[in-house]
Amino acid sequence: MKIFEMNKPMKRMLIGLAILFGAIFAWKTFQSIMLNRYLASVGSEVVTVSTARLDYSLWQPHIKVVASLRAVQGVNVTTSLAGLVQAIHFTPGAIVKKEDILLQLNADAEIGQLKALIASTMLAKITYHRDQAQYRVQAVSKQTVDNDKYNFENLQGQVMQQAATVAKKTIRAPFTGRLGVRNVNLGQYVNVGDNIVTLQALDPIYVDFYVPQQQLPQLKVGQLVSLTDNHHTYKGKVTTINPLIEETTRNVQVEATFANAKYQLTPGMFAEVDVETGKPIPHLTLPQAAISYNSYGDIVYVIKNKGKDKIAEQVFVTTGDTRGDQVAILNGLNKGDIVVTSGQVKLKNGSPVKINNKVQPSNNPHPVVSNEKG
């Protein structure tokens, strides 16, 4: 009896705790029920989306890299002999042909010496022929004829040497191309090696770019190359693949050649090139806007029928290369699947949807960016 009476306070405490925990449990249950009702009411909202039916399209394998342009031939025109500028025969920026005269240095002294040597050569020739006739009748010795022949041929050599010196005073274009800025003036004394003007052969023109060694097996001489600058796209071909891979970068240099009849491409320009590396391959493609990129995986929403309603089901996909507004789908979807292309930000797995395809996201494999200002 005493033990029972001593336990009454404990009973009261236990009963109080049971009531307290029961109240907490009931409150939590109530909160959970209300939350589920709210989520159910939100989830039942129909989301309007646009869709596209997944299909194959031909996908051209390519390598896209940046490149720089280089002239097929390019030099700073200079002189191998010093002299005073006597005449300038070119206009800066003009197109010149091979052997066109660009500059004339004063060569009066050299021309005078050439004429004197020519006169001496003519005299030596007459003497040589006369002594040959005299030798046939034994009037002169063989040594005299030999000396005459040596003197004549020696003077011929001097004439050729002096004629070459005179020719060097006339600066000619070594090849056809476009001239740059003029760096000399009339009456100026030009030293050996001074830069007179830049000459660049621009048609055709070389385009140099580098690709990683892993992509080397995809490259072949003759492959088509597209070059894009800010305004135009040009077509060329791979003409040389460097047989040496650079040790520091493990890249290989590739040279492509482009026609440039209008001289729109200039050496030193920066451009982007696209090399076609094989035959077109069929790929399942979607607008990039249809993909929800996440750290845990890329997902799309596929439309499924549920009775009379349509719902969106979440599907994980493996994406490949991109091309303009498109992305290749490598795994996760099949041809004919109807995929949500816009409005997916409001979706969750199993959301009811309404389809409205009046407005679709861009799906152009080769979009053109306009530079016009509105």
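The values are calculated or read from the model by the stated rules, or taken from the named source; none is laboratory data. Predicted model only: the values in this text are computed from it and were never measured. All Cβ positions, glycine included, derive from the backbone under ideal geometry; neighbour counts span all protein chains shown. Note: accessible area is taken over every heavy atom of the protein model, side chains too, but ligands, DNA and RNA are not part of it. Shrake-Rupley method; radii C 1.70, N 1.55, O 1.52, S 1.80 Å.
What about residue 239, is it open to solvent by 40 Å² or more (accessible area, probe 1.4 Å) and farther than 25 Å from residue 324 by Cα? Yes, satisfied.
The single residue among 273, 339, 317, 300 that is at pLDDT 85 or above, under 20 Å from the mean Cα position of the chain (by Cα) and open to solvent by less than 20 Å² (accessible area, probe 1.4 Å) turns out to be 273.
Restricting region 139-153 to residues that are open to solvent by 60 Å² or more (accessible area, probe 1.4 Å) and under 26 Å from residue 116 (Cα atoms) leaves a set whose member that is nearest to the chain's Cα centre (by Cα) is 153.
Checked against the criteria, residue 307 counts as small (Gly, Ala, Ser) and farther than 23 Å from residue 358 by Cα. Quick check on this structure: which one of 191, 183, 151 is among the polar types (S, T, N, Q), without any contact (Cβ under 8 Å) to a residue 60 or more places away in the chain and out of contact with any helix residue (DSSP H, G or I) (no Cβ under 8 Å at 6 or more places or on another chain)? 183 is the lone residue from the list that is among the polar types (S, T, N, Q), without any contact (Cβ under 8 Å) to a residue 60 or more places away in the chain and out of contact with any helix residue (DSSP H, G or I) (no Cβ under 8 Å at 6 or more places or on another chain).
Region 34-138 holds strands (runs of 3 or more DSSP E) entirely within its bounds, and those carrying 1 or more residues that are within 30 Å of residue 351 (Cβ to Cβ), out of contact with any Asp or Glu (no Cβ under 6 Å at 6 or more places or on another chain) and open to solvent by less than 50 Å² (accessible area, probe 1.4 Å) map to 47-53, 55-59.
For residue 287, the conditions (1) touching a Pro at 6+ places or on another chain (Cβ under 6 Å); (2) open to solvent by 20 Å² or more (accessible area, probe 1.4 Å) all hold with the exception of (2). Within this structure, residue 145 fails the test of being β-branched (Val, Ile, Thr) and part of a loop (DSSP other than H, G, I, E, B). Of the set (1) of a type outside the set (Gly, Ala, Ser); (2) in contact with a Gly (Cβ under 8 Å, 6 or more places away or on another chain); (3) surrounded by 13 or more Cβ atoms within 10 Å (Cβ to Cβ), all apply to residue 326 but (2).
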